[in-house]
Amino acid sequence: MRETFTDEEWITLLQAPMQAIMGICLADRVDPVTFLQELRAGVTIVGEELRRSDLVGQLTSALVASMAQIDAADALNGEQLLLKKQFELLGTIQTFKSSKEGREAAIDHMQKVAAILEIRVTGEQANEFKAWLMAVAVKVAESQREGGIMGIGSSRISDRESDVLKKMNTALGLVV
């Protein structure tokens with residue numbers, strides 16, 4: 001499956017889960033602790049996805065296997081690798097002038113993913129990968145309760161996160 005894509009295209013696809021995390025984490029204005037907790041949860045969720053053996057689709061499986069192989073080649077593992085990925089994502093986030101700019105970059109990345117998939121794989125393979133990617137984004141959005149006071153009146157997915165999820169869906173060409 002890897003041979004279907006150029007190196008640049010493959011890298012774009014490999015970056016998609018972290019871009020989804022970034023978009024969700026930048027959706028809400030929250031305190032720094034909650035932001036970091038959501039970021040950590042997102043990186044952890046992607047790490048858990050790399051250990052799944054029940055993924056649907058050849059493309060999704062190939063990409064996840066490639067991501068796992070990259071992690072296995074890293075000298076760090078476990079908690080250290082998790083921290084490294086969090087810091088890398090924070091470094092990316094810090095390059096933006098505003099959270100809006102970061103969200104827009106994540107959504108633009110999803111458009112690039114959709115364009116690559118449209119020309120390189122079947123519609124079924126593309127939809128399987130897009131569905132997996134959005135499932136990861138939803139898990140990240142659900143990882144931290146937001147709003148309310150002391151948990152009362154809070155929601156799993158905030159209105160702003162829901163908006164970002166819809167924009168990602170649209171960018172990927174998925175029917176909402």
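Descriptive notes on the structure:
- Filtered residue count, segment 1-57, keeping only those that are outside any loop (DSSP other than H, G, I, E, B) and either in contact (Cβ under 8 Å) with a residue 60 or more places away in the chain or under 16 Å from I107 (Cβ atoms) (or both): 24
- S66 being surrounded by fewer than 19 Cβ atoms within 10 Å (Cβ to Cβ) and either on the phi > 0 side of the Ramachandran plot or assigned to a loop (DSSP other than H, G, I, E, B) (or both): no
- Filter result for the condition that a residue is closer than 22 Å to A171 by Cβ, touching a Lys or Arg at 6+ places or on another chain (Cβ under 9 Å) and of a type in the set (G, A, S), over S99, S66: S99
Listed here are the residues, each with its yes/no results for (1) at pLDDT 95 or above; (2) aromatic (F, W, Y); (3) under 9 Å from the mean Cα position of the chain (by Cα); (4) at negative phi.
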site: R2; (1), (2), (3), (4): no, no, no, yes
site: F5; (1), (2), (3), (4): yes, yes, no, yes
site: E8; (1), (2), (3), (4): yes, no, no, yes
site: I11; (1), (2), (3), (4): yes, no, no, yes
site: A16; (1), (2), (3), (4): yes, no, yes, yes
site: A20; (1), (2), (3), (4): yes, no, yes, yes
site: I24; (1), (2), (3), (4): yes, no, yes, yes
site: R29; (1), (2), (3), (4): no, no, no, yes
site: V43; (1), (2), (3), (4): yes, no, yes, yes
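- Of all residues in segment 103-110, one or more are farther than 19 Å from I11 by Cα, in contact (Cβ under 8 Å) with a residue 24 or more places away in the chain and either in a loop (DSSP other than H, G, I, E, B) or in contact with a helix residue (DSSP H, G or I) (Cβ under 7 Å, 6 or more places away or on another chain) (or both).
The values are calculated or read from the model by the stated rules, or taken from the named source; none is laboratory data. Keep in mind the model is a prediction, meaning the values are calculated, not measured. Positions of Cβ are backbone-derived with ideal geometry, glycine not excepted, and every protein chain shown enters the neighbour counts.
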